[in-house]
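The values are calculated or read from the model by the stated rules, or taken from the named source; none is laboratory data. On a predicted model such as this, the values are computed, not experimentally measured, just so you know. Because the Cβ atoms are built from the backbone with ideal geometry, glycine has one as well, and the counts that use them run over all protein chains shown.
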Amino acid sequence: MPRSFYITTAIDYANGAPHLGHAYEKVLADVIARYRRMQGCQVHLLTGLDEHGQKVQQTAQQRNIEPQVFVDEIAVGFRQMLVDLGISNDDYIRTTETRHKKVVQDFLQRLHDQGFIYLGTKTDWYSTRQEQFLTDKDRNPDGSWPDIYGEVTQTTEENYYFKLSQFQPWLVDYLATHPDFVNPRFRQKQVLEFLKEPMNDLCISRPKTRLTWGIELPFDRNYVTYVWFDALTNYYSAVVDRGLWPADVHVIGKDILSPPHAVYWPCMLKALGLDPPKQLLVHGWWTINNQKASKSAGNAGSTLSYVSTHGADAFRYYLCREMVVGQDADFSAVSFVNRYKADLGNNLGNLVNRLLNMVGRNYAGSIPAAAADEPLEQGLRALWTETEAKLHKAIDEYQVSHALETLWVFISAMNAYIEARAPWKLAKSPEAADRARLDSCLAHVAEGLRLVATVLLPVMPVACAKLLVNIGRPVPGSFAGQLQWSQVCTLSKVAEACILFPPVDLPAPPASV
Ligand code: MSP
C-alpha cells in the first residue's frame with residue numbers, strides 16, 4: 001500500500017478576487033504534492049474557499065444580491081486561478097457545501113454535549129473588520145487601536161464560548177514534545193511565546209441579529225458559528241469519509257498561524273478526541289514595493305498577468321525560487337524578468353538547444369552513447385549525486401527555493417562543462433579520441449538534462465514534459481528508477497529545436513512623471 005499524504009492550503013476568503021498571496025500558497029502546496037506523488041505517495045491535495053462571515057454578508061448586501069450568489073461568482077475566479085496555475089488539487093471544498101456544514105454542526109453539538117461549550121455574557125471591544133473581540137493587549141502603546149481592526153466599538157452580548165483555556169497546558173506540552181509541529185521552527189517559538197500569557201476562552205457564536213451568513217448552531221437557532229470555527233473544520237470535513245485524518249501538512253501564511261491554526265485548531269481537535277495535524281508549514285508574505293500584497297492594497301492582482309505572458313511554469317518557478325519558505329519576499333517585474341531570462345532562458349533553455357543542435361548536426365538526431373570517460377565527466381556525475389541528495393533533503397524540509405538553488409548550481413555546471421568540452425571544436429577534429437569525447441559530451445548533457453527535467457516536473461510540469469519529449473524520453477509518473485545517472489538516453493531521437501522559454505515582449509511600463 002502506498003503511503004498516503006494529505007496536504008491542504010488555507011481556504012481563501014471569498015470577499016474579493018484572487019491575488020499573488022493566494023496563488024503562491026497553492027503553488028507551494030502543489031509542488032510538494034506533485035513531488036510526493038512522484039515519490040510514490042497516495043496524495044490528497046485539498047484547497048477551497050471560506051465563504052461565510054461578516055465581510056461576505058456586507059459585500060453581498062452592498063451589491064444587493066444574495067450572499068450565495070455572490071460567493072458562487074467569487075468561486076469561479078478562484079477555481080479558474082487553480083486551472084491557470086496548473087494546480088493538481090484532488091478536491092475543492094466550499095464552506096457553504098452541505099458536506100461541510102454537517103461536520104461543523106456535528107463538531108459543535110459534540111462539544112456542547114461534552115460540556116466544552118457554555119453560554120456567557122461579555123462587554124467587550126469588537127472589530128467589525130476582523131470579526132473579533134479585542135482586549136487591551138491588542139491596543140497600540142498609545143492606547144489607540146491598530147488600523148487593521150477598522151472601527152472598534154464596545155458591545156455587550158450573550159454568546160457561546162469554547163473552553164479553550166482549559167487546553168492551554170496540554171498545548172504547551174504538545175508543542176514542547178513536538179518541536180517540528182510548526183515549520184520553520186522559529187515560528188513555533190513564537191507560538192510558545194504567545195502561550196506564555198493565559199488564554200481566554202474562545203467566543204464561537206455570533207447572534208443572528210448581527211450576522212446571518214454562517215452555519216447555525218445546532219443547539220441554538222438564534223446564533224451562527226464564528227467564521228474561524230467554521231473555516232478550520234474544512235480540513236476535516238473534506239476527508240471525513242476518506243480516513244485521511246490527521247493531515248500531514250497544512251500550508252498557511254504567517255498571519256493565520258497564531259492563534260487560529262496553532263492554538264484554536266489543535267485544541268478544538270483535542271476536545272473532540274481527534275489528533276492534531278502532523279505539521280503546519282508557514283510561509284511568509286509576498287510584498288510589492290515592500291508592502292504586503294493584498295486585496296485592500298490593490299497591488300497584487302496584476303502580478304498574476306505574468307501567467308498569461310510568460311506561462312504558468314515560469315510563474316511557478318519564480319515564486320518557488322524567490323521566496324525562502326518562512327521568510328517574506330518582494331515581487332518585482334525586474335526580478336521576474338531577470339529570472340525568466342537568466343535562469344530559464346539562458347541557463348536551461350539554451351543548454352537544451354545546444355544539445356539538440358549538436359546532436360542533429362553530428363548524429364542525425366540520435367543521442368550517442370558515452371564513449372570517453374575523463375575527469376570532466378566524472379566530476380559532473382559526482383556533482384549530480386551530491387545535487388540529488390541535497391535536493392531531497394531540501395524538499396523533505398519543504399525548502400523548495402533551496403532545492404532549486406542547488407539544481408541551478410548543477411545546470412550551471414553543465415553549461416561550464418559544455419564550454420570546457422567545446423563540442424563544436426571536437427566536431428571538427430579528425431582524431432578518434434575527440435570523436436569519443438564528443439559522444440560523451442552530448443551523452444552527458446542529454447543525461448543531465450533528463451535528470452533535471454525529471455526532478456523539476458513538480459515545479460514546471462509542462463515545460464519539463466516538453467523538454468523530456470524533445471530529447472526523446474517518456475515523461476515518468478514516478479521517480480522510481482529515474483534519478484540515477486544512466487545511459488537511457490542513448491539512441492533517443494531528439495527534436496530539431498525546442499523553445500521552452502521564448503523571449504517575451506512586455507508592454508512598456510507607464511512613463512513616470
Ligand atoms: N480564510 C482564511 C483562512 C482560513 S483557513 C482555515 C484566510 N483567507 S485569506 O484569503 O485572507 O488568505 C488565504 C491564505 O493566503 C492565507 O494563508 C494567507 O496567509 C495567504 N496570503 C494572503 N496574502 C498573502 C501575501 N501577501 N503573501 C503570501 N500569502 C498571503 O486567511
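Within region 398-438, the set of residues being out of contact with any helix residue (DSSP H, G or I) (no Cβ under 7 Å at 6 or more places or on another chain) and more than 17 Å from Leu348 (Cα to Cα) comprises Gln399, Ala422, Trp424, Lys425, Lys428, Ser429, Pro430, Glu431, Ala432, Ala433, Arg435, Ala436. The number of residues in region 394-440 that are in contact with a Cys (Cβ under 6 Å, 6 or more places away or on another chain) and closer than 16 Å to Gln378 by Cα comes to 1.
Considering only region 248-261, I want to know if a residue exists there that is without any contact (Cβ under 8 Å) to a residue 60 or more places away in the chain, within 8 Å of the ligand (Cβ to nearest atom) and closer than 19 Å to Val172 by Cα. There is at least one residue in region 248-261 that is without any contact (Cβ under 8 Å) to a residue 60 or more places away in the chain, within 8 Å of the ligand (Cβ to nearest atom) and closer than 19 Å to Val172 by Cα.
Summed over region 33-43, the residues that are in contact with a Ser or Thr (Cβ under 7 Å, 6 or more places away or on another chain) and within 11 Å of Ser88 (Cβ to Cβ) give a count of 2.
Residues in region 145-198 that are over 32 Å from the mean Cα position of the chain (by Cα), more than 30 Å from Gln114 (Cβ to Cβ) and not in a strand (DSSP E or B): Trp145, Glu151.
Taken over region 262-297, the criterion of being modelled with pLDDT of 95 or more, more than 10 Å from the ligand (Cβ to nearest atom) and part of a loop (DSSP other than H, G, I, E, B) is satisfied by Leu272, Gly273, Leu274, Asp275, Pro276, Pro277, Lys278, Gln279.
The criterion of being touching a residue at least 40 places away in the same chain (Cβ under 8 Å) and in contact with a strand residue (DSSP E or B) (Cβ under 6 Å, 6 or more places away or on another chain) does not hold for Thr96.
Answer with yes or no whether Asp230 is surrounded by fewer than 21 Cβ atoms within 10 Å (Cβ to Cβ), within 11 Å of the ligand (Cβ to nearest atom), on the phi < 0 side of the Ramachandran plot and within 23 Å of the chain's Cα centre (by Cα). When the stated conditions are applied, Asp230 does not pass them. Taking Tyr223 as the residue in question, decide whether it is touching a residue at least 40 places away in the same chain (Cβ under 8 Å), touching a Ser or Thr at 6+ places or on another chain (Cβ under 6 Å) and more than 14 Å from the ligand (Cβ to nearest atom). So Tyr223 fits the description; yes.
Provide a single number: the residues in region 365-424 that are outside any helix (DSSP H, G or I) and within 21 Å of Asn470 (Cβ to Cβ). Adding up the residues that qualify gives 6. Taken residue by residue, region 21-42 has no member that is more than 18 Å from the chain's Cα centre (by Cα) and within 14 Å of the ligand (Cβ to nearest atom).
Take the conditions polar (S, T, N, Q), buried (at least 18 other Cβ atoms within 10 Å of the Cβ) and either touching a helix residue (DSSP H, G or I) at 6+ places or on another chain (Cβ under 8 Å) or in a loop (DSSP other than H, G, I, E, B) (or both) and apply them to Thr454. Does it pass? Considered against the rule, which asks whether it is polar (S, T, N, Q), buried (at least 18 other Cβ atoms within 10 Å of the Cβ) and either touching a helix residue (DSSP H, G or I) at 6+ places or on another chain (Cβ under 8 Å) or in a loop (DSSP other than H, G, I, E, B) (or both), Thr454 comes out as yes.
Among the residues of region 298-321, those that are within 12 Å of the ligand (Cβ to nearest atom) and in a helix (DSSP H, G or I) comprise Thr303, Leu319. Mind listing whichever residues of region 322-338 are assigned to a loop (DSSP other than H, G, I, E, B) and either aliphatic (A, V, I, L, M) or under 12 Å from Trp285 (Cβ atoms) (or both)? Selection gives Met323, Val324, Val325, Gly326, Gln327, Asp328, Phe331. Only residues that are touching a Phe, Trp or Tyr at 6+ places or on another chain (Cβ under 9 Å) and either aliphatic (A, V, I, L, M) or more than 26 Å from Lys55 (Cβ to Cβ) (or both) were counted across region 148-166, and they come to 4. Counting the residues of region 1-32 that are over 20 Å from Thr95 (Cα atoms) and of a type in the set (Asp, Glu) gives 1.
Inside region 288-319, residues that are in contact with a helix residue (DSSP H, G or I) (Cβ under 6 Å, 6 or more places away or on another chain) and either over 27 Å from Leu456 (Cα atoms) or exposed (fewer than 13 other Cβ atoms within 10 Å of the Cβ) (or both) make up a count of 1. Annotation: Tyr92 fulfils all but one of (1) in contact with a Phe, Trp or Tyr (Cβ under 6 Å, 6 or more places away or on another chain); (2) at pLDDT 95 or above; (3) crowded, with 16+ Cβ neighbours inside 10 Å; (4) of a type outside the set (D, E, K, R); the unmet one is (1). Here region 5-20 is the region considered, the condition is being part of a strand (DSSP E or B) and more than 6 Å from the ligand (Cβ to nearest atom), and the residue that is nearest to Asp330 (Cα to Cα) is Thr9.
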